[in-house]
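> Take this structure first; my questions come after.
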Amino acid sequence: MSKNQVLIVDDESDIRELLELTLGRMNLETRSAENLETAYQLLDQFAFDLCLTDMRLPDGSGLDLVRHIQEKHPLLPVAVITAHGSMETAIAGLKAGAFDFVSKPVDLNELRNLVRTALKVAKTAGAASDGSSAARLLGNSEPIARIRVLIERLARGQAPVYISGESGTGKELAARLIHELGPRAAHPFVPVNCGAIPEHLMESEFFGHKKGSFTGASQDKDGLFRAADGGTLFLDEVGDLPLAMQVKLLRAIQEKSVRPVGAQIEAPVDVRVLSATHHDLHTLVAEGSFRQDLYYRLNVIELRIPPLRERRDDIPLLAEHLSAKLTHGLESRPRLSKTAMDVLQDYDFPGNVRELENILERALTLCDGSEMGPEDLQLRRASDRTAHARRYGDAGRGEELEPAAETAGAARAAGDGPEPVKPYDGREPLDGYLARIERQAIEQALARADQNKTAAAKLLGITFRALRYKLEKLGIE
């Protein structure tokens, strides 16, 4: 078998020698260039699997080489070597299309991990074109076609990606595709809803803890970063993080290491961080509720998921797919009439794809025949849409709040208030005590809201997505 070829571009001979020696011991063949001109010549002569380039070169910048490779050799991963502490330079390289970066003085273990991951990218480059992403990200519209192309490109890199978009647009699906189409696919994808974790437990949840580090810590816990080691950590609703936790998160991302609560030393982690929120992070930064340095570290590349109203041509395909999903296992399923489909395509969908699924589920329940008509959709006229949107919960599920609110009011009037919470006496682990109290509060809210999850989330003062996360975590049906 032929060896993988690596191009090394650096004007310092000792750095080139160190890299050649290290990569040679990994059974890799290397070719070196001391400037851009030589690098361009070598790229024209040989087929490389990876390029390592310094940012400062005698006849230009490493960014020039990154852009050249992006244009002429788009499937070739390129990593940049930056001066120690030059995070702005590293981010500039990632924005230009670099796969990853390594800082001087070069940590050889970090370099080896980077090279192994990059070579996986080289081997799998083009695998994204086999239709695997199209099978998951439905739609034939121009906006969704652009998203597919971006996802396939982002999957080949290691840069942090900030996924923006309204609730219900499919931000988590986009994050999963970036993970599954990239070199980390064989490792864990760990999604976490930042708004669903109690503030006093955040550090332990993210970084883990040592046994006995606090009351209730009955055993060691790895935490989310270490659970995602080698894979991807998806921080959903990252805008809900408190400022104190933002500082710790920033350090973990920059240093690529975490220190569990109660531990004396940090543990290295190899994690790609993807983040998302329905908030406008730029506005939160301006308001002072989100750190600017963390914003720039997370938002190296932004992927905006368009709302459903900007890709109306995809509604028929999505409706057909969701109807089939909702009626899976049934002998026959009602079809949408042409009139009903016209109504759907004229609707603005404040809750996006998630709301479309909710509307179809309701229509399938209400229809009394082989066809779903406009009356089964129960959609309001265009003039009512603004008021209708205000009646949706944060997740845009499309479940109306008023009936549940009336039920909740009746429950309060009947005296079905929450039972008093007993003070913590230390007889059980703290995690168990908090889970029990949380379960009690959620079950009471669901009962008061007649099992309407959107209304229950509103009663609890949390988002629908946060409630859904807690229901799964606590095993509540």
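The values are calculated or read from the model by the stated rules, or taken from the named source; none is laboratory data. All values derive from a computational prediction rather than experimental measurement. Heads up, the Cβs are rebuilt from the backbone with ideal geometry, glycines too, and the neighbour counts pull from every protein chain shown. When the accessible area is computed, the model is the full protein with side chains, heavy atoms only, and any ligands, DNA or RNA have been set aside. Shrake-Rupley method; radii C 1.70, N 1.55, O 1.52, S 1.80 Å.
> Quick check on my filter: what residues within the range 58-73 are surrounded by fewer than 21 Cβ atoms within 10 Å (Cβ to Cβ) and touching a residue at least 24 places away in the same chain (Cβ under 8 Å)?
Within the range 58-73, 58, 59, 60, 63, 64, 67, 68, 70, 72, 73 meet the criteria.
> Would you confirm whether or not the range 172-179 contains a residue that is more than 30 Å from residue 324 (Cα to Cα) and basic (Lys, Arg)?
For the range 172-179, residues more than 30 Å from residue 324 (Cα to Cα) and basic (Lys, Arg): absent.
> Okay, moving on. Consider residue 29 carefully, then state whether it is charged (D, E, K, R), touching a strand residue (DSSP E or B) at 6+ places or on another chain (Cβ under 6 Å), modelled with pLDDT of 90 or more and over 30 Å from residue 298 (Cβ atoms).
yes
> Here's a follow-up. Return yes when residue 214 is assigned to a loop (DSSP other than H, G, I, E, B), among the hydrophobic types (A, V, I, L, M, F, W, C) and over 30 Å from residue 316 (Cβ atoms) and no when it is not.
yes
> Within the range 76-85, does at least one residue satisfy the condition of being part of a loop (DSSP other than H, G, I, E, B), modelled with pLDDT of 85 or more and open to solvent by less than 60 Å² (accessible area, probe 1.4 Å)?
Checked against the condition, which is being part of a loop (DSSP other than H, G, I, E, B), modelled with pLDDT of 85 or more and open to solvent by less than 60 Å² (accessible area, probe 1.4 Å), the range 76-85 yields at least one hit.
> So, one more: Restricting to the range 279-310, name every residue that is buried (at least 20 other Cβ atoms within 10 Å of the Cβ) and either under 17 Å from residue 350 (Cα atoms) or over 19 Å from the mean Cα position of the chain (by Cα) (or both).
Within the range 279-310, 305, 306, 307, 308 qualify.
> Any chance you could count how many residues in the range 427-477 are aromatic (Phe, Trp, Tyr) and either over 25 Å from residue 239 (Cα atoms) or exposed (fewer than 14 other Cβ atoms within 10 Å of the Cβ) (or both)?
1
> Which pairs do you get when a residue that is on the phi > 0 side of the Ramachandran plot, found in the range 322-349, comes within reach of a residue that is open to solvent by 80 Å² or more (accessible area, probe 1.4 Å), reach meaning Cβ atoms under 9 angstrom, with the pair 6+ apart or on two chains?
Within 9 Å, the pairs are 349/309.
> Looking at (1) open to solvent by 40 Å² or more (accessible area, probe 1.4 Å); (2) hydroxyl-bearing (Ser, Thr, Tyr); (3) under 20 Å from residue 269 (Cα atoms), which is the only condition residue 204 fails?
Tallying (1) open to solvent by 40 Å² or more (accessible area, probe 1.4 Å); (2) hydroxyl-bearing (Ser, Thr, Tyr); (3) under 20 Å from residue 269 (Cα atoms), residue 204 fails exactly one: (1).
> Restricting attention to the range 224-270, which residues are closer than 24 Å to residue 183 by Cβ and open to solvent by 30 Å² or more (accessible area, probe 1.4 Å)?
The answer is 226, 227, 229, 254, 255, 256, 268, 270.
> Determine whether the range 217-239 contains at least one residue that is at pLDDT below 90, touching a Leu at 6+ places or on another chain (Cβ under 8 Å) and farther than 30 Å from residue 110 by Cβ.
There is at least one residue in the range 217-239 that is at pLDDT below 90, touching a Leu at 6+ places or on another chain (Cβ under 8 Å) and farther than 30 Å from residue 110 by Cβ.
> Go through the range 191-200 residue by residue and tally those that are among the hydrophobic types (A, V, I, L, M, F, W, C) and either surrounded by fewer than 15 Cβ atoms within 10 Å (Cβ to Cβ) or not in a helix (DSSP H, G or I) (or both).
2
> Quick test of your reading of the structure: residue 357 fulfils all but one of (1) in contact with a Lys or Arg (Cβ under 9 Å, 6 or more places away or on another chain); (2) open to solvent by less than 30 Å² (accessible area, probe 1.4 Å); (3) in a helix (DSSP H, G or I). Name the failing condition by number.
Failed condition: (2).
> I need the full set of residues from the range 143-180 which are open to solvent by 20 Å² or more (accessible area, probe 1.4 Å), of a type in the set (A, V, I, L, M, F, W, C) and under 25 Å from residue 223 (Cα atoms), in order please.
173 - this is the single residue of the range 143-180 that is open to solvent by 20 Å² or more (accessible area, probe 1.4 Å), of a type in the set (A, V, I, L, M, F, W, C) and under 25 Å from residue 223 (Cα atoms).
> Among residues belonging to the range 408-463 that are modelled with pLDDT under 70 and either part of a helix (DSSP H, G or I) or within 16 Å of residue 197 (Cα to Cα) (or both), point out the one that is farthest from the chain's Cα centre (by Cα).
413
> Still on this model: Name the helices (runs of 4 or more DSSP H) wholly within the range 243-334 that hold at least 1 residues that are under 30 Å from residue 355 (Cβ atoms)?
The helices (runs of 4 or more DSSP H) meeting that bar are 281-287, 292-298, 315-326.
> Let me ask something else. Mind checking which residues of the range 181-190 are surrounded by fewer than 19 Cβ atoms within 10 Å (Cβ to Cβ) and farther than 25 Å from residue 293 by Cβ? Don't jump to the end; show me each part of the working.
Applying the first criterion (surrounded by fewer than 19 Cβ atoms within 10 Å (Cβ to Cβ)) to the range 181-190 yields 185-188, 190.
Across the range 181-190, the qualifying residues are 185, 186, 187, 188.
> Please enumerate the residues belonging to the range 226-240 that are closer than 26 Å to residue 279 by Cβ and either without any contact (Cβ under 8 Å) to a residue 12 or more places away in the chain or assigned to a loop (DSSP other than H, G, I, E, B) (or both). Walk me through how you get there before you give the answer.
Within the range 226-240, the subset closer than 26 Å to residue 279 by Cβ is 227-228, 231-240.
Answer for the range 226-240, where residues must be closer than 26 Å to residue 279 by Cβ and either without any contact (Cβ under 8 Å) to a residue 12 or more places away in the chain or assigned to a loop (DSSP other than H, G, I, E, B) (or both): 228, 231, 237.
> Now a separate question. Within the set of pairs 6 or more residues apart or between chains, which connect a residue that is more than 15 Å from residue 338 (Cβ to Cβ) inside the range 359-381 to a residue that is open to solvent by 50 Å² or more (accessible area, probe 1.4 Å) and outside any helix (DSSP H, G or I) with Cβ atoms less than 9 Å apart?
Pairs that qualify, where the first residue is more than 15 Å from residue 338 (Cβ to Cβ) and the partner is open to solvent by 50 Å² or more (accessible area, probe 1.4 Å) and outside any helix (DSSP H, G or I), are 359/378; 362/378; 364/333; 366/378; 379/346.
> Just give me the residues in the range 8-48 being open to solvent by 30 Å² or more (accessible area, probe 1.4 Å), without any contact (Cβ under 8 Å) to a residue 40 or more places away in the chain and among the aliphatic types (A, V, I, L, M), in sequence order.
21
> Got a number for residues in the range 439-461 being in contact (Cβ under 8 Å) with a residue 40 or more places away in the chain and touching a helix residue (DSSP H, G or I) at 6+ places or on another chain (Cβ under 7 Å)?
10
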